[in-house]
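What follows is a short report on a single structure.
The values are calculated or read from the model by the stated rules, or taken from the named source; none is laboratory data. This one's a predicted model, so the numbers in the text were calculated from it and none came from an experiment. Note: ideal-geometry Cβ built from the backbone for every residue, glycine included; neighbour counts use all protein chains shown.
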Amino acid sequence: MATDAASAPGTVEENDLSAEPDDELPEDRDFAAGDGESEERAEPEVDGHGDNDEQPDGPRTDFNSFLTGIDFSAFTAGIDFSAFAPTINLSALVPKVDIGPMYDAAVLMAGIDTSSLVPKIDFSAFTAGIDFSKLLAGLDLSHFSDSYPPNWPLDVNLDQVTEVISGDGIPLVWVPRQTIVEEVLAAPDRASRIGILLAHSEALVADCGAVLDAITEPSLQGQLPLARNALAAYAHGHQEAAQALATVVTETAVAAALSSRYEEVKDAVVFDPDKTSWIRLRLRAALAPIHRFYTTWYRSSGAPAPEALSRHVTVHEADATHYTAANALVAVLLVTSVLRAIQELQAVAAARKDEDGQAEEEA
């Protein structure tokens with residue numbers, strides 16, 4: 001069981017689960033000048049003869065000489081202003097204010113052919129030679145594929161996801177498969193979601209097996225065989241054994257990778273999509289169900305025992321009412337998703353360590 005002792009070797013530093021550098025707030029800066037007192041700004045001296053009063057050195061240009069030779073009647077001779085009769089009588093609307101006649105713009109524009117001024121543009125001539133498939137092929141989507149859960153639909157609603165992974169404690173990252181994820185997210189409440197999972201239990205066993213087979217993290221080699229045994233126990237109908245084994249394996253892996261202090265872990269795995277950077281989306285979403293998994297309960301409290309999977313109840317308050325088919329399935333899904341998330345978490349920590357080492361060498 002977890003204690004307040006130091007974390008086991010291989011523990012990921014707290015910063016590896018927290019904000020990325022681009023999520024951090026910049027350091028406070030002191031923008032005050034000198035000792036903080038405002039400096040008086042000297043106003044420019046102005047005498048009785050400012051710059052605006054000075055006369056230019058060169059001769060003035062007489063524009064009248066240009067205008068006298070222009071016969072404006074030549075421009076207006078062909079316009080019949082009688083066609084511009086007023087069409088709106090605003091005096092009826094505002095009888096005390098006479099703002100004069102208004103003119104209908106449609107009549108003014110009726111004789112003007114604007115098509116010759118703005119010819120039609122055929123954009124097909126510009127796009128005909130562009131192969132958009134090559135443009136898309138050149139896009140680097142690795143950051144998207146490395147950060148977005150592979151089993152989520154692209155139009156996923158993060159509010160619904162948060163309700164399921166944090167509120168219900170149901171894993172949704174890496175497992176289940178996308179079609180089941182879509183069904184779970186569309187369900188109205190936790191009972192309905194659990195019913196969907198139980199109805200697809202055989203498919204979920206296959207999904208968990210595929211994800212566990214893809215885990216190669218060295219620090220998890222002691223827990224990986226046990227996770228497979230928990231999955232096998234569930235597949236063969238030994239649900240209580242599956243729940244117990246999957247629960248202790250999950251706790252062991254979390255304590256080694258994050259912390260052995262339950263409250264620290266619960267705080268670290270809180271999932272808020274508005275505060276989660278894109279590149280940490282699936283990692284944080286995968287760890288989010290741990291918060292409810294770490295729900296504590298004591299018989300002496302007088303409160304009813306939690307129905308949803310609880311590490312504390314499973315280990316310390318073993319009762320047939322808590323060892324259920326639903327909790328066993330959630331436990332198997334959780335150990336699968338968490339082990340896969342820890343593999344990614346360790347990869348992130350290793351990459352950051354390499355970057356720090358390279359920066360020190362270059363410094």
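It is to be established whether one or more residues within the range 294-316 are more than 18 Å from residue 258 (Cβ to Cβ), exposed (fewer than 12 other Cβ atoms within 10 Å of the Cβ) and hydrophobic (A, V, I, L, M, F, W, C). Yes, the range 294-316 contains a residue that is more than 18 Å from residue 258 (Cβ to Cβ), exposed (fewer than 12 other Cβ atoms within 10 Å of the Cβ) and hydrophobic (A, V, I, L, M, F, W, C). Does at least one position in the range 185-195 carry a residue that is part of a helix (DSSP H, G or I), under 26 Å from residue 251 (Cβ atoms) and in contact with a Pro (Cβ under 8 Å, 6 or more places away or on another chain)? No, because not a single residue in the range 185-195 is part of a helix (DSSP H, G or I), under 26 Å from residue 251 (Cβ atoms) and in contact with a Pro (Cβ under 8 Å, 6 or more places away or on another chain). Against the numbered list (1) under 19 Å from the mean Cα position of the chain (by Cα); (2) part of a helix (DSSP H, G or I), residue 156 comes up short only at (2).
Working only within the range 320-363, note down all residues that are of a type outside the set (S, T, N, Q), modelled with pLDDT of 95 or more and part of a loop (DSSP other than H, G, I, E, B). The answer is 320, 322, 323. Would you check if there is a residue in the range 285-294 being under 22 Å from residue 233 (Cβ atoms) and in a helix (DSSP H, G or I)? Checked the range 285-294: at least one residue is under 22 Å from residue 233 (Cβ atoms) and in a helix (DSSP H, G or I).
Restricting attention to the range 196-221, the residues that are outside any helix (DSSP H, G or I) and either without any contact (Cβ under 8 Å) to a residue 24 or more places away in the chain or among the acidic types (Asp, Glu) (or both) total 2.
Counting only residues that are part of a loop (DSSP other than H, G, I, E, B) and touching a helix residue (DSSP H, G or I) at 6+ places or on another chain (Cβ under 6 Å), which one in the range 271-284 is nearest to residue 253 (Cα to Cα)? Looking at residues that are part of a loop (DSSP other than H, G, I, E, B) and touching a helix residue (DSSP H, G or I) at 6+ places or on another chain (Cβ under 6 Å), I get 271.
Report every pair of residues separated by at least 6 positions or lying on different chains whose Cβ atoms are under 8 Å apart, first residue within the range 152-163 and closer than 12 Å to residue 186 by Cα, second assigned to a loop (DSSP other than H, G, I, E, B). Short answer, once both residue conditions are applied: 161/152; 161/172. The one condition from (1) assigned to a helix (DSSP H, G or I); (2) in contact (Cβ under 8 Å) with a residue 24 or more places away in the chain that residue 264 does not meet is (2). Checked across the range 227-244, the condition of being among the aliphatic types (A, V, I, L, M), surrounded by fewer than 19 Cβ atoms within 10 Å (Cβ to Cβ) and in a loop (DSSP other than H, G, I, E, B) holds for no residue. For the range 181-213, filtering for residues that are β-branched (Val, Ile, Thr) and over 19 Å from residue 227 (Cα atoms) leaves 4. Entry remark, the range 295-315: residues being part of a helix (DSSP H, G or I) and either aliphatic (A, V, I, L, M) or in contact (Cβ under 8 Å) with a residue 12 or more places away in the chain (or both) number 6 in total. The lone criterion from (1) farther than 23 Å from residue 347 by Cβ; (2) in contact with a Leu (Cβ under 6 Å, 6 or more places away or on another chain); (3) of a type outside the set (Val, Ile, Thr) left unmet by residue 311 is number (2).
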